[in-house]
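Structure first, then comments.
Please treat every number below as a calculation from the coordinates, not as lab data. Being a predicted model, the structure only gives us computed values, none of them experimental. Reconstructed Cβ throughout: ideal geometry from the backbone, glycine too, with neighbour counts over all protein chains shown.
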Amino acid sequence: MSAATHSASVKTGPGLRLTLALFLTPVVLWLGLLIVLPHIDLLIMSFRMDPSFGEQGWSLENYHQFFAEPIYWLTFVRTAGYSVLVTLLTFLVSLPVAFYVTKVVARNTSRFLLTMLLLPFWVSELVRVYGWMILLRESGVLNHWLTALGITGAPVEMLYNDATMIMGLVYTSMLFMVVPLVSVLESLDDSLIEAACDLGAGPWTIMRTIVVPHCMPGIVSGGIVVFMLTLGNYLTPNLMGGKNSLWFTEQIYNQFIASFNWNQGAAFGFLLLALSSCIIWLGLRLTGQKLSRVVQ
Amino acid sequence: MQGPAVSPLPQYRGGTATDTGWPGSGWPSRCAAHGGPSPLANLRHPRSGPGAGHETRSRDRAGRAAKAGGWTGAAGVHDQMPTDISPVAPSVLSPVASPVVSPDASPDAFADLSVTNLVKRFERFTAVNDVSFEVERGKFFSILGPSGCGKTTLLRMIAGFESPDSGVIAIRGRDMAGIAPNRRPANLIFQHLALFPMMTVAENIAFGLKRRGMAGGEITRRVQDVLERVGLPGYGAKMPAQLSGGQKQRVAIARCLVLEPAVLLLDEPLGALDLKLREQMKVELKTLQAEVGTTFVYITHDQSEALVMSDHVAVMNAGRFEQLDTPRNLYRRPATAFVAGFVGETNVWSGTLEESTGDAGLVRTDEGAVFRARVAAGLARGARVDMFIRPEAVLIDPDGVACATGDAPGGVTDGAAGDGGDAPLPVRGASADLGNRVQVQVQAILFDGAASRLLTHPEGSRREVMVALPQNRLYDHIRPGDRITVGWDDRAGICFAAGSGQ
């Protein structure tokens, strides 16, 4: 952007610079006032004690509290682990879908299928999760049919366990994996797959040696998005996992809303930010991808 | 270029297949040494010089094939082949040696590739329509056809990527029905080569060997061997993106050859290269094929590629084989109007058959001129015909009125030229066979070095007639607008039923 500004100012002088400034002002104001400033405020807050305790100095007590209380850091680890698991599952579910949509079906069908994939995402996440709840709850549609067909004697509670929560999280984040995968798979020349087959490779070897390496940028960018969305998701774990979900966002929510301890909540928030940054960095290192390439 | 007696193949001295033409003095070269010239170029200027240029151009093509393949010796045998060739008769495919295959013969007795009555339909469209052929071990076989003629479908069926609706594909006598591409002893070189961009050259080549579960040390050794064989030693650690077009080509070939396939299939791999490199790769491919002895099946829409490299060429059109023959027979004795129009350049005159005896006939063109020409079988008097005549067979000023300055030394006669059934070469100076004459007006000179042409209209007609313009300085006086006489041999033109070439 600096290069563009530079060349523009060289060409037409201050007039264009003013135009550019006018264009940029809303963005800068938005980012500065609504994102950067609150974050700085929260960061400061996380290093101070709850004002109700009286003393108003700098302190690491909020962070200490996190490590001192096992429920906090256990939830934290559990959230991180499940988020990684959800990301992996989402990838495993999305790759065949994306491959089928781009490589197997005809072009027109492919567009139709892609629209069908997008369609549920026109509805808000809340509504979709409620949809799942209607299907899965004890008095829900699925249980009705299971008992009616005599497969189960009595209705089974399918909500409020980890498996359902994971499934819900995979469902909500699938699109964010499918779209980047579809775009990288479209750039994969079919003849590479055929060449691998011609040289004696079976389907699994082709996937492992040709398709996945080619899709790596899409996999990593999709993975980052899915991971961050899952880690910071509040709605789905809360509704589908219920009280047992123990998702770290709920801890943050409790601190802010239930305990009214904003300082503790802010510290938790920054710990989550640090965690997601660390895991993404680790993921990039492990897959040998560059962030600049992935975000393109 | 001292004289014809020095080298039997003087026009190939450069050792490249580039169409450099014949910068010589107008001496007729001794084409008899390699089987004689094409009948369509079987023309001599009655006096001396000018005709030689014509001959060289057309002979060049056939001769290049001979040179590149190193099968000059066999060419003479091919020349003996009958003129009327059924496009799908497998027996004519191996004119040199065709062992009779008995059911209990050893596997070695089978052709490397045999295709029988192959049919492939896409909904209502028939892509490959009852095609049969056989390719002997170690042969370079080409399928030549315009885009959309079904040649790629045919190749993909042999590779296993498409399954035929009916018919049999057998590789070394083994029926390939139901065998997946990764289990077939045939490898395909893709049009855009399909090198794996995320792997090094060595990894690309090792890919197939790894799939066979070969030990690491053995793989390394074989990869190095094959890299040396294709002339790229030490390139193993490079990425495909770092290679030039020709190098990528060779890596793609190495990647297949390392697996020692029974048949190597090539899907127009030279298409993406620039002209100069393509010319070079043609020779390289042919040499490599002769060296490794693998059976090549090559598909292309570029007739020069097919003619230069192949032992046999099948011309394919609308899902069928029009003719299957040696390159020089395709050029000289096209079996159908399509082949006549597709292989080599050609002028077409439409007219009516006035008279026909055997394969010779008299054609009255729509403009009223009467020409002698060869006639395809089955045409009766009064039939509407298209007469095909190659630009390089048309001589400018055949009676030598305008350029009587030609003072070349005489005494070289080619009367002994055996051309397997074609009329013997006329003795130089004799114009007896050059029975066809027409007055034309030069519209434009299309200068293209050795391939220069005159665009002409016969008097009183808008028909375009291309005439080869040899660059031997004898025709430098010709200007657009000039009226000139052109003529050609009685057997240079060939007639087919009108409209049958579409």
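Rounded to two decimals, what ratio of Rg to Rh does segment A:125-249 give with C-alpha atoms and a Kirkwood Rh? Intermediate values should be presented prior to the final figure.
Details: Rg = 19.7 Å, Rh = 17.2 Å.
With Rg and the Kirkwood Rh in hand, the quotient comes to 1.15.
With a Förster radius of 41 Å applied to the beta-carbon distance between A:Leu74 and A:Trp204, the computed FRET efficiency rounds to 0.65.
For the peptide A:186-197, the mean number of other protein chain Cβ atoms found within 10 angstrom of a residue's Cβ is 5. Alpha carbon centre of segment B:249-292 versus segment A:210-274: separation in Å? When both Cα centres are located, 55 Å separates them.
Using the structure shown, select from A:Lys290/B:Lys210; B:Lys139/B:Lys238; B:Lys248/B:Lys286; B:Lys139/B:Lys282; A:Lys103/B:Lys286 the pairs with a Cα to Cα distance greater than 24 angstrom.
On the way: A:Lys290/B:Lys210 29 Å; B:Lys139/B:Lys238 32 Å; B:Lys248/B:Lys286 17 Å; B:Lys139/B:Lys282 15 Å; A:Lys103/B:Lys286 36 Å.
Among A:Lys290/B:Lys210; B:Lys139/B:Lys238; B:Lys248/B:Lys286; B:Lys139/B:Lys282; A:Lys103/B:Lys286, the Cα-Cα distance tops 24 Å for A:Lys290/B:Lys210; B:Lys139/B:Lys238; A:Lys103/B:Lys286.
Taking amide H atoms as placed 1.01 Å from N in the peptide plane, the amide H of B:Leu265 lies under 5 Å from those of B:Asn187, B:Leu188, B:Ile189, B:Val297, each 5 or more residues away in sequence or on another chain.
Loop sites by DSSP among the GluC sites (Glu not before Pro) of chain A, restricted to those with at most 16 other Cβ atoms within 10 angstrom, leave A:158-296 as the longest stretch without any of them. Out of all Cα-Cα pairs in segment A:60-294, roughly what percent, to the nearest whole number, are more than 27 Å apart? Of the Cα pairs, 47 percent sit more than 27 Å apart.
Look at the stretch B:185-195: the mean tally of other chain Cβ atoms within 10 Å of its residues' Cβ atoms is 4. Of the trypsin sites (Lys or Arg not before Pro) found in segment B:199-291, those that fall in a DSSP loop while having at most 14 other beta-carbon atoms within 10 Å are B:Arg212. Each residue of segment B:156-166 was assigned a 3J(HN,Hα) from its phi angle through the Karplus expression (A = 6.51, B = -1.76, C = 1.60, θ = phi - 60°), giving 5, 5, 5, 6, x, 7, 10, 10, x, 6, 7 Hz with x at Gly and Pro. Assuming R0 = 56 Å, what is the FRET efficiency of B:Lys276 and A:Lys103, from their Cβ-Cβ distance, to the nearest 0.05? Rounded to the nearest 0.05, the efficiency is 0.95.
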